[in-house]
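Below you'll find the structure, written out as structure tokens, and then a few comments.
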Amino acid sequence: MSEIAAARRAAAEMARRLSFDETRAGRLALVVTEAATNIVKHAREGEILLRPIVTHGHCGIEVLAIDSGPGMASVDLLMADGTSTAGTYGVGLGAIRRQADSFDIYSAPGRGTVVMMTVWCADGPVPETGWEVGAVCLPIPGEDECGDNWGVSFRRGGISVVVADGLGHGPEAALASTAAVGVSLDFDRGPPGVRIEDAHGALRSTRGAALAIADIDAYDGKLLFAGVGNIAASIISNGPRRHLLSHNGIVGSNLRKVQEFEQPWDSSSLLILHSDGINTRWDLGAYPGLSFNHASVIAAVIYRDFLRGRDDASVVVIREHPVS
């Protein structure tokens, strides 16, 4: 099937660029092939998304298999190799879990399925950051370059996450959002408000961008946020969703006001940021158990079900992950 072959070729090319050895590249090819085959056979259509990941110099590839098919009522039962029922996944899931270095799945009857798999470029322990980072960032159909961009940086007990949406879409929007993220990620430049001011100066020769910065300090239990433009940001933590306020304006063009807001943060908190390519009406409460899944699975479900389809789209999800 051409779609399965195309997904396998894309994975092989990414593995080549990241210098995967032959064994690891073979494991990645199996994971992608099985995931794509399940989509074609049981959901008819869906997406395979590939994302290179780097943790303290250790590289890998995250694979997201996303569909809106019939879903599964009993994921654990169907994880057994060879188990399958009409209209569901089954065959292949056990093989995927064995070959992937990390694996997670969310599925429910009538709600489709999202499978997350990671294969690292080499054997051995992967340095832990203490954080889970999940993201989907894709251009509007018809464009090769995404006008949205994002990034994270780590320091002891903390993480900074930046999401930018370049004005419009295409290469010029990508140039603006990339510049915004590059300037804003460095903790040493100061708190989020100062870094937005820095980005405003750096983006004057570009179209400009919407920009949001969140610094989380797990030791002190606080999150510091500043945003300008149409990046939506929310914290979910054992209660109602708390929205983080962004002011109107365009970084690099029309910066009216920058203001920082502090929110409490604890080990159960989720931070979710997304551009306006995603509808804001999502509610994790409508997906029983999803909030316990890996951050990448949460990002993929929000992307799948709330994509507007008329702009670039990005979703970034952050949560703490205890270091073993």
Original post:
So Val54 fits all but one of (1) open to solvent by 40 Å² or more (accessible area, probe 1.4 Å); (2) among the hydrophobic types (A, V, I, L, M, F, W, C); (3) modelled with pLDDT under 95; (4) not in a strand (DSSP E or B); what number is the exception?
Top reply: (4)
Original post:
Based on what the data block shows, is Leu271 open to solvent by less than 40 Å² (accessible area, probe 1.4 Å) and either farther than 25 Å from Lys222 by Cα or touching a residue at least 24 places away in the same chain (Cβ under 8 Å) (or both)?
Top reply: yes
Subject >> Every residue from segment 173-191 that is open to solvent by 20 Å² or more (accessible area, probe 1.4 Å) and in a helix (DSSP H, G or I) >> reply: Leu175, Thr178, Ala179, Gly182, Val183, Phe187, Asp188, Arg189
Subject >> Enumeration of residues in segment 290-322 that are out of contact with any strand residue (DSSP E or B) (no Cβ under 9 Å at 6 or more places or on another chain) and of a type in the set (Gly, Ala, Ser) >> reply: Gly309
Subject >> Residues of segment 9-26 that turn out to be in a helix (DSSP H, G or I) and touching a strand residue (DSSP E or B) at 6+ places or on another chain (Cβ under 9 Å), as a count >> reply: 7
**OP:** Identify all residues within segment 136-160 that are of a type in the set (A, V, I, L, M, F, W, C) and not in a strand (DSSP E or B); write none if there are none.
**Re:** Ile140, Cys146
Original post:
Just to be sure, is Gly69 more than 30 Å from Gly227 (Cβ to Cβ), of a type in the set (Gly, Ala, Ser), in contact with a helix residue (DSSP H, G or I) (Cβ under 7 Å, 6 or more places away or on another chain) and at pLDDT below 90?
Top reply: yes
Original post:
Across segment 291-324, which residue is nearest to Trp265 (Cα to Cα) among those that are modelled with pLDDT under 95 and of a type in the set (Gly, Ala, Ser)?
Top reply: Ser291
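For every residue, the table says whether it meets (1) of a type in the set (A, V, I, L, M); (2) modelled with pLDDT under 95; (3) surrounded by 14 or more Cβ atoms within 10 Å (Cβ to Cβ).
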{"position": "Pro109", "(1), (2), (3)": "no, yes, no"}
{"position": "Val114", "(1), (2), (3)": "yes, no, yes"}
{"position": "Thr118", "(1), (2), (3)": "no, no, yes"}
{"position": "Pro127", "(1), (2), (3)": "no, yes, no"}
{"position": "Val133", "(1), (2), (3)": "yes, no, yes"}
{"position": "Val136", "(1), (2), (3)": "yes, no, yes"}
{"position": "Trp150", "(1), (2), (3)": "no, no, yes"}
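The values are calculated or read from the model by the stated rules, or taken from the named source; none is laboratory data. Quick caveat, the model's predicted, so the values are computed rather than measured. Glycine gets a Cβ as well: all are built from the backbone with ideal geometry, and neighbour counts include every protein chain shown. The area values use the complete protein model at the heavy-atom level, side chains included, leaving out ligands, DNA and RNA. Shrake-Rupley method; radii C 1.70, N 1.55, O 1.52, S 1.80 Å.
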